[in-house]
Amino acid sequence: MNEKEILERAYLEAQKIVSENSFREFDTSLCENVDFLIDKIGSNKSIVSALATSLLKKITNPEQDIRLHRTDFENGYSARSLDTKVVTPFFKRHFPKYANKESAFLTLSTRERIKWNKNEGKNLKIRSKALKRSFLNVFEQIEDGNANPRVYLNYLFAKLQALSSKDELIFQLAKKQSGRSGVLNINLIIEMLQRHFAEKLSSRLPVVAIYSIYEILVPNLKRYDNKRLLPLQVHTSSDKHGFGDIEIYGDDGKPFEIIDIKHNISIDADLIFDIIKKTTTTSIDRYYILTTFPDGFETKEIEKAVNEFIIQTKTQKKIDIIANGIIPTLKYYLRFIDDYNLFIKKYTNNLVKDAKNSTEIKTFHIDKWIKILKEYKINNV
């Protein structure tokens, strides 16, 4: 079997494990280490993908020491190349939420020239010592303990399938709840969103909210005739491309309007200067810099100075920069929407879509949104 066939075979074996609920039949040490990696996958998906890549390599080439994941190690191999060509595309098909955009080997925790053994591996840039230990334990068990890499890969995929199935149940419930909307107004929606934004690790939520409004506005406002709203991109630093979080392009293929959203960061002149540098080589009609920071600015003096800088920039660079808080912006945009229920549905669907394709939206964010819908009696439950 070739590499792709091995992965597909492991996926089928994993389905049997899940359907028969035979997780307890596996070795305890295997379960403890892989389970811990899966438990932490929300912020460490590159680690899991790197492990899958290593196990695949060991299956195809049993003589290869998979702790030597780079070609500049003596007797090493290119794990990054294998991951980019085979494993990442596989994850995108079967586990899109936990797939890296390009490769698992673009993060500090996986790309550095550090052998994945107990001695050198202690220098890996993995914050959690327990996570680092579990990761290295697997390699030790495979290389020194002669554990079967196929068994590990099957179990790893089974845990990913079980996790994905659990997520899917929550996603379906969220969609069902949002489809039962009742009477809404702007103040009620803002209150609901503020409660949602107050959740931990919530920097993606305001982006999804603004994007959901644009999905409604772009097809209906004259300003956006012959313009297109680009799909939301992954928000992580190693994957992020483009000018901002939300981008609208003209039919000439050039950026027309950009929205960049900061989380708990006050707006200052440096952020405006960054926009100027970022847009030096292109012509953009309007650029929004929005923030969840209360009142948007540290002080009224800073706000005044920023606005003066923006006016100066518009005169010189012909770009209209708008600096504002997320909440005032949401209130303003919602006035242009006739059907508030449509916004709730769009926001919910986009939360689910984003949660299915990345780890930025957590399942507890979806859970919280369902609770908010219930508490505000937006559905008939």
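Only the coordinates and a few stated rules stand behind these numbers; no lab work does. Quick caveat: nothing in here was measured; it's all calculated off a predicted structure. Reconstructed Cβ throughout: ideal geometry from the backbone, glycine too, with neighbour counts over all protein chains shown.
Observations on the structure shown:
- Modelled FRET efficiency - R0 25 Å, Ala130 with Asn21, Cβ distances, 0.05 increments: 0.40
- Placing R0 at 45 angstrom, the Cβ-Cβ distance between Phe273 and Gln172 gives a FRET efficiency of 0.50 after rounding to 0.05.
- Charging the Cβ of each Asp and Glu at -1 and of each Lys and Arg at +1, and nothing else, the dipole of the chain about its Cα centre rounds to 420 debye.
- Ordering of 92-105, 211-224, 280-293 by burial proxy (mean other Cβ atoms within 10 Å per residue, highest first): 92-105, 280-293, 211-224
- For the listed residue pairs Lys45/Lys200; Lys57/Lys115; Lys222/Lys314; Lys227/Lys356; Lys45/Lys129; Lys345/Lys368, the alpha carbons are over 21 angstrom apart in Lys222/Lys314; Lys227/Lys356.
- Computed from the Cβ-Cβ distance with R0 of 35 Å, the FRET efficiency linking Ser283 to Glu199 stands at 0.40.
- ³J(HN,Hα), Karplus 6.51/-1.76/1.60, whole Hz, each residue of the stretch 108-113, x for Gly, Pro: 4, 5, 10, 8, 5, 7
- Farthest toward the positive end of the dipole of the stretch 179-375, out of Ile275, Phe364, Gln316, is the Cα of Phe364, where the dipole comes from beta carbon charges about the Cα centre.
- Of all complete DSSP H helices in the chain, those with a Cα span along the helix axis of 27 Å or greater and a mean Kyte-Doolittle hydropathy of -0.5 or more are 149-178.
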